[in-house]
Amino acid sequence: MISIVRNLMIGVTLVCWLMSLYKLRDLARAPHYRPLRALCLALVGVTVSLTIQPFMPALDRAIGVLDLGRALANCLTLVSATAAQAFLLHMTGNDERVRRQMRRRTVALTVCVAAIAVLFALTPAGADLDDPRVVSGRYYGEPFDAPFLFVYLGHLGWSVTQVAVLAGRYAREAGRPLLRAGLRMIMAGAAWGLLYVVAKLAAIAAGALWPDSGLISDAVVVFTFTVSILLILIGSTLPSWGPLLRLDRVWGRARAVADHHRLRPLQVAVHRVLPEIALLPEPRGLAGLVAVLRDPYLRRVRATVEILDGYATLRPWMSAAVLTAARDAGRRAGLTGDRLAATVEATVLAAALDARAAGAPPTGDHDELPDLPAGPADGSGEEAAGQVAWLIAVARAHRQVTRQRARASSPEGIAGRDVTEERNVEEQHGVR
């Protein structure tokens with residue numbers, strides 16, 4: 001187990017060197033691009049930190065100071081974490097607010113590195129360089145609890161939390177799928193970084209209580225640290241090398257398949273009442289799955305167009321009174337924003353489908369309705385993607401509305417509604 005973890009760490013170190021050199025090549029072409037400079041500093045810092053760790057015994061003996069390699073690796077990790085924050089901040093802007101935030105983070109980093117240096121100089125070494133434990137390397141796998149380590153862990157915990165927050169905030173705004181996926185991987189890596197801090201503190205406590213647990217706890221610490229670095233490394237560089245492997249196309253096709261799957265229930269509900277809107281016969285079973293996988297973009301467009309045709313055909317059966325009642329009911333249920341709007345629209349659409357299926361005449365107040373669907377109506381670019389996203393939200397709400405209407409029309413739902421109405425009448429007349 002321990003050898004596997006160590007080999008994994010060596011592999012990640014080699015990958016870090018490759019990615020660092022790859023991004024340094026990009027930096028040579030655009031030396032003034034601040035986000036890229038910060039990213040390169042983060043990659044180089046963590047790469048050198050990882051590289052030092054297997055050679056800490058040799059480094060300490062060469063310089064003649066025990067644990068200097070450990071302290072240096074910790075400081076480089078903090079520099080890398082701060083540079084990762086700079087990368088994420090500069091990706092969102094380069095105004096005075098961003099520069100002010102970076103100045104505060106740089107000051108905090110400087111103070112922590114200075115504190116580590118002072119505490120390292122004032123703390124007596126845990127052993128001599130010629131101690132058999134040091135010479136054999138066993139010392140570096142034993143529990144280590146020098147005071148400067150807690151400064152390192154405290155600042156690292158705060159830093160990876162900031163990285164997770166900034167990556168999450170930017171991921172919600174990112175337009176490119178690979179960039180959004182990379183930012184979410186950075187979030188996951190930061191979460192593993194927090195787990196590393198917790199594991200390190202737990203290893204210190206375990207080492208004080210059970211000295212023989214050092215090797216196992218060290219393996220856990222190395223594993224969490226390595227996974228954190230690997231996720232952040234992949235996430236931060238994915239937008240660069242992903243298109244070379246055509247991952248953006250793979251992502252796009254997977255997204256189209258998922259969109260079609262989410263739109264499909266609403267498409268089927270409209271087909272059931274309005275079979276004439278189907279552009280082509282819908283293949284079923286294995287043939288249907290193959291058709292979707294062969295051209296998911298066409299299937300997504302077809303589902304969108306047919307649902308919109310259903311909206312247009314059902315317009316005379318849509319009721320403004322139903323919309324008002326659904327909005328009031330949604331607000332009473334605590335719904336707000338897009339979720340309320342999607343639920344209201346799904347309710348109006350479900351009522352129109354039921355009315356058309358029952359052969360009811362058109363409503364008299366459909367002219368009072370706003371334009372539906374409420375999402376973007378432009379058929380190009382980001383507007384088309386926004387319209388698909390909106391119809392997916394309506395489809396999700398339509399499933400919930402349909403289930404609620406089915407429960408309300410069941411014998412149990414009718415009985416419960418009768419009891420509720422009877423109680424309301426009693427309360428209105430003062431009956432106890």
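List of remarks:
- The set of residues from segment 327-344 being loosely packed, with under 12 Cβ neighbours inside 10 Å and either of a type outside the set (A, V, I, L, M) or in a helix (DSSP H, G or I) (or both) comprises Asp328, Arg332, Gly334, Thr336, Gly337.
- Restricting attention to segment 190-205, the residues being out of contact with any Asp or Glu (no Cβ under 8 Å at 6 or more places or on another chain), open to solvent by less than 20 Å² (accessible area, probe 1.4 Å) and among the hydrophobic types (A, V, I, L, M, F, W, C) number 3.
- The lone exception for Gln53 - which of (1) under 16 Å from Ala117 (Cβ atoms); (2) touching a Phe, Trp or Tyr at 6+ places or on another chain (Cβ under 9 Å) it fails: (1)
- Residues of segment 41-52 satisfying the condition of being surrounded by 18 or more Cβ atoms within 10 Å (Cβ to Cβ), more than 26 Å from the chain's Cα centre (by Cα) and of a type in the set (S, T, N, Q): Ser49
- The single condition from (1) touching a helix residue (DSSP H, G or I) at 6+ places or on another chain (Cβ under 9 Å); (2) modelled with pLDDT of 65 or more; (3) open to solvent by less than 30 Å² (accessible area, probe 1.4 Å) that Gly413 fails is (2).
- Odd one out for Ser217 among (1) under 26 Å from Trp17 (Cβ atoms); (2) crowded, with 18+ Cβ neighbours inside 10 Å; (3) modelled with pLDDT under 90: (1)
- Some residue of segment 369-385 being in contact with a Gly (Cβ under 9 Å, 6 or more places away or on another chain), open to solvent by less than 60 Å² (accessible area, probe 1.4 Å) and either closer than 21 Å to Ala321 by Cβ or at pLDDT 85 or above (or both): no
- Filtered by the rule that a residue be open to solvent by less than 30 Å² (accessible area, probe 1.4 Å), touching a residue at least 60 places away in the same chain (Cβ under 8 Å) and in contact with a Ser or Thr (Cβ under 6 Å, 6 or more places away or on another chain), segment 9-38 gives Met9, Val12, Cys16.
The values are calculated or read from the model by the stated rules, or taken from the named source; none is laboratory data. Bear in mind that the values here come from a model prediction, so they are computed numbers and not experimental data. Methodologically, a virtual Cβ is constructed for each residue, glycine included, from the backbone with ideal geometry; neighbour enumeration extends over all protein chains shown. Ligands, DNA and RNA are excluded from the accessible area calculation, which covers all protein heavy atoms including side chains. Shrake-Rupley method; radii C 1.70, N 1.55, O 1.52, S 1.80 Å.
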